[in-house]
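The values are calculated or read from the model by the stated rules, or taken from the named source; none is laboratory data. For clarity, every value in this text was computed on a predicted model and none was experimentally measured. A quick note on method: Cβ atoms are made from the backbone with ideal geometry, for glycine too, and the neighbour counts reach across all protein chains shown. When the accessible area is computed, the model is the full protein with side chains, heavy atoms only, and any ligands, DNA or RNA have been set aside. Shrake-Rupley method; radii C 1.70, N 1.55, O 1.52, S 1.80 Å.
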Amino acid sequence: MKILSITIFFAGVLSAILLTQCDQRSGENKSVQTETPNLAFGGFESQAKWGEHLVTVSACHDCHSPKKMTDHGPDIDSSLLLSGHPSEMPAPDINRHELESKGVIATSDLTSLVGAWGISYTANLTSDATGIGNWKEEQFIYAIREGKMKGLAGSRPMLPPMPWQMYRNMTDDELKAIFAYLKTTKAIHNIVPQPTPPVSAKK
């Protein structure tokens, strides 16, 4: 009788252990199932959130977001995120002939650059019609892949400091995520000036 009782006792303990392990594995499987959809968005909760992350780590704000001067230098103006070079800002007052032959210079808000190519102004990337509001996803991908303004085959090449030669190596999914995020940005009406050719071209 004692042997039977002991056998039943250990059988019960073993069953309890097996049930606990099954529950743990079941919980692990549920956890995996919950996280799996995020893998499609680089671990983020949505495509747009992934795109926001990519925009941040790719330093898009360095050029496309106007800055305001602080005691530690230029800082991003959060009210003008990704709106490009302010339309009302005058062109830099410099000796362009000398500068364009010797180096480059940036405006204080870092949204414009002067160099051998002339003066370039960073684009408005917000969801406004003056930005990328009317763009289609395929336009955006073409713009980055081919370095063409507005993502149109016949448009002018993108100018420095836009590092499209680096960004073109992003995957389609990454570029689609960035575009999805840009479509969610605050619409800021800002018509960015057209680039100015170098002084040497004016003859």
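Calculate, for segment 58-132, the solvent-accessible area per residue in square angstrom, rolling a 1.4 angstrom probe over the heavy atoms of the protein chains.
48
Leaving ligands, DNA and RNA out of it, report the carbon-plus-sulfur percent of the accessible area of segment 106-153 at a 1.4 Å probe.
57
For segment 186-193, just list the computed ³J(HN,Hα) in residue order, Karplus coefficients 6.51, -1.76 and 1.60, θ = phi - 60°, integers in Hz, with x standing in for Gly and Pro.
Per-residue couplings from phi come out as 4, 6, 10, 6, 7, 8, 6, x Hz.
Can you sort ASP71, ASP77 by 1.4 Å-probe accessible area, starting with the largest? Working shown, then result.
On the way: ASP71 155, ASP77 30 Å².
So the residues, ranked largest to smallest area, are ASP71, ASP77.
TYR142: net charge of surrounding residues, Cβ under 11 Å, Lys/Arg +1, Asp/Glu -1, itself excluded?
Numbers: positive: LYS136, ARG145, LYS148, LYS150, ARG168; negative: GLU137, GLU138, GLU146.
Its environment carries a net charge of +2.
Find out how many positive minus negative residues lie around SER155, taking Lys and Arg as positive, Asp and Glu as negative, among other residues whose Cβ is under 10 Å from that of SER155.
Charge balance near SER155 sits at +2.
Check ILE119: other-chain or 5+ apart residues with amide H under 5 Å from its amide H, H built from backbone geometry?
Hits under the 5 Å cutoff: THR196.
I'd like the Karplus ³J(HN,Hα) series for segment 157-167: coefficients 6.51, -1.76, 1.60, θ = phi - 60°, whole numbers in Hz, and an x wherever there's a Gly or Pro.
My calculation for segment 157-167 gives x, 5, 9, x, x, 5, x, 4, 4, 8, 5 Hz in order.
Long-range amide H contacts for LYS67: which residues qualify at under 5 Å (H placed 1.01 Å from N, peptide plane, sequence gap of 5 or more or a different chain)?
Placed amide hydrogens put ASP77 under 5 Å from LYS67.
If you add up the charges near TYR167, with Lys and Arg at +1 and Asp and Glu at -1, over every other residue whose beta carbon is less than 11 angstrom from its beta carbon, what do you get?
Residues near TYR167 contribute +1 overall.
Over all distinct alpha-carbon pairs, what is the Kirkwood Rh of segment 50-184 in angstrom?
By the Kirkwood definition, the hydrodynamic radius is 15.6 Å.
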